[in-house]
Amino acid sequence: MSESTETRPGTASATTSDGDTILEISDLRVEYATNRGAFVAVDGADLAVRRGEILGIAGESGSGKSTLALALLRLLKPPGRIAAGSITFRGDGVPPVDLLAMQGRRLRALRWRHLSYLPQGSMNSLNPVMRIRDQFADVIIEHAPERKGSVREMIPRLLRQVGLETRVAQMYPHELSGGMKQRVLMAICVALEPDLIIADEPTTALDVTIQRVILQSLADLRDQFGVSLVVISHDMGVHAQLVDRVAVMHAGKIVEVGDVHQVFDSPRDDYTRGLIASIPRMDLLDPTTPAEGPAR
Ligand SMILES: Nc1ncnc2c1ncn2[C@@H]1O[C@H](COP(=O)(O)OP(=O)(O)O)[C@@H](O)[C@H]1O
Ligand SMILES: [Mg+2]
């Protein structure tokens, strides 16, 4: 079945257009309609995610990080609108597709199985009246009905993979702490072995010790499944501890992208330098130090 890559505008050339790149965003522009005209929330973004890497997206609140994620997942709602650009996704075993040219069923077929999303504030997205195991089963059966027969065996394994006890499967969300709920959602995200997970502020609103556990679990997912990850966080400490490369957003623009050590050691952009200067140094240097939450 040809997924009509020929309908692609053919502009997705950015940085490294080969099989090592799982996602390639070119010249993406996203606007919100306001009564004072269009507000440009993402302004000409170019970004490539390499297969198997953890890419961080940094930048203070309001810089356009979540808008970028929603646009690439095609989950942006009005008054938001994708005004320009192309986003090429190269999942395993599927032809390269321009996510912006996809609709309906074809897009749904990619979700969870190839492209998975951990939304900002997702801890509150679990259904309060359903046991955790039924929430797993819902996602698996809806998106991979052929696995219906194996759901019962899958759940304990998935829970263990994010460091949770298997008895969590019987519980309701209110019986879990925030960090446990976040880990349940991470386990649901990897249930169908996606190629790429986009996690938006996965540690925000969790206390520092739990943040470290979540960061470790995210790193483990990459190591165990070879999944690529995009981790969005306003917190530079998260990037310092977790990511391979980091892209810095400021007022809708990506002002700097590079290897995380290079960006932290010798930032090229003044804005990046300011962000780095705002992190408590101890948090960066010694991951075992029970640091205060970095400044927001
Ligand atoms: N629904 C919306 N309508 C209008 N403006 C919005 C909407 N959602 C976000 N914005 C604006 O877009 C900008 C980027 O927001 P967002 O992507 O949420 O940033 P971040 O995730 O980096 O905090 C902000 O200025 C925000 O006010
Ligand atoms: Mg956000």
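What follows is calculated from the coordinates using simple rules that are stated; it is not laboratory data. Being a predicted model, the structure only gives us computed values, none of them experimental. FYI the Cβ positions are ideal-geometry reconstructions off the backbone, even for glycines, and counts take in every protein chain you see.
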### Query
Using a simple spin-label model with points 7 Å from Cα along the Cα→Cβ vector, what separation in nm is obtained for residue 27 and residue 61?
3.5
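Please report the relative contact order for the stretch 152-261, taking Cα pairs under 8 Å with a sequence separation of at least 6, and give it as a percent rounded to a whole number. Display every interim value, and only then the final one.
Values: 117 pairs, mean separation 22.0, N = 110.
Contact order relative to length: 20 percent.
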### Message
As a test of the formula, what do you get for the chain when each DSSP H run with n ≥ 4 contributes -39,500 (n - 2.57) and the sum is divided by the residue count, at 222 nm and rounded to the nearest 500 deg cm²/dmol?
### Response
-9000 deg cm²/dmol
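With a/c under 1.5 counting as rounded, go ahead and sort the chain into rounded, prolate or oblate using the C-alpha gyration tensor (a ≥ b ≥ c being the square roots of the eigenvalues; past the cut-off, prolate if a/b is larger than b/c, else oblate). Display every interim value, and only then the final one.
Values: a/c = 1.61, a/b = 1.09, b/c = 1.49.
Because a/c hits 1.5 or more and a/b fails to exceed b/c, the chain counts as oblate.
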### Message
Below 25 Å, Cα to Cα, which lysines can residue 148 reach? Residues fewer than 8 away in the same chain don't count.
### Response
181
### Query
Simple spin-label model, 7 Å along Cα-to-Cβ: residue 262 to residue 150 in nm?
4.0
### Query
Applying the Karplus parametrisation 6.51 cos²θ - 1.76 cosθ + 1.60 with θ = phi - 60° to the phi angles of the stretch 206-217, what ³J(HN,Hα) value in whole Hz is obtained for each residue in order, glycine and proline being reported as x?
10, 6, 4, 5, 5, 3, 5, 5, 5, 4, 5, 5
### Query
Using θ = phi - 60° and the Karplus form 6.51 cos²θ - 1.76 cosθ + 1.60, what ³J(HN,Hα) does each residue of the stretch 36-44 get, whole Hz, x for Gly and Pro?
9, x, 7, 9, 8, 8, 10, 10, x
#### Entry: Residue-span extension gain [residue 208 to residue 193] - 0.36 nm each, minus C-alpha spacing
2.6 nm
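Hey, what did the stretch 35-120 get for relative contact order, percent, Cα under 8 Å, at least 6 apart? Walk me through the intermediate numbers first.
On the way: 41 pairs, mean separation 17.0, N = 86.
Over the stretch 35-120, the number comes to 20 percent.
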#### Entry: Candidates 34, 67, 272, ranked by Gaussian network fluctuation over the chain, Cα under 10 Å, top entry
34
### Task
Could you let me know the centre-to-centre spacing of the stretch 208-247 and the stretch 154-171, using Cα atoms, in angstrom?
21
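Please give the FRET efficiency for residue 160 paired with residue 216, using the beta carbon to beta carbon distance and R0 = 22 Å, rounded to the nearest 0.05.
Numbers: r = 14 Å, r/R0 = 0.65.
Once the sixth-power term is evaluated, E becomes 0.95.
Calculate, in nm to one decimal, what residue 92 and residue 244 gain on full extension: separation in residues at 0.36 nm each, minus their alpha carbon distance. Present the calculation step by step, with values, prior to reporting the outcome.
Numbers: separation 152, 0.36 × 152 = 54.72 nm, distance 2.11 nm.
This chain segment gains 52.6 nm when fully extended.
Run the numbers for residue 223 and residue 167: contour at 0.36 nm per residue of separation, minus the present Cα-Cα distance, in nm. Intermediate results must be reported in sequence, preceding the final value.
Working: separation 56, 0.36 × 56 = 20.16 nm, distance 2.49 nm.
Length difference between fully extended and current span is 17.7 nm.
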### Task
Order by neighbour count: 253, 148, fewest other Cβ atoms within 10 Å first, most last.
148, 253
### Query
For residue 197, which sequence-distant residues (separation of 5 or more, or a different chain) have an amide H within less than 5 Å of its own amide H, given hydrogens modelled in the peptide plane?
116, 228, 229, 230
#### Entry: Estimated vicinal HN-Hα couplings, Hz - the stretch 172-179 in sequence order (Karplus 6.51, -1.76, 1.60; Gly, Pro = x)
9, x, 5, 7, 10, 6, x, x
#### Entry: Inter-label distance for residue 174 and residue 270, nm, one decimal - labels placed 7 Å from Cα along Cα-to-Cβ
5.3
### Task
For residue 249, list long-range residues whose amide hydrogen, built 1.01 Å from N in the peptide plane, is under 5 Å from its own amide hydrogen.
58, 59, 255
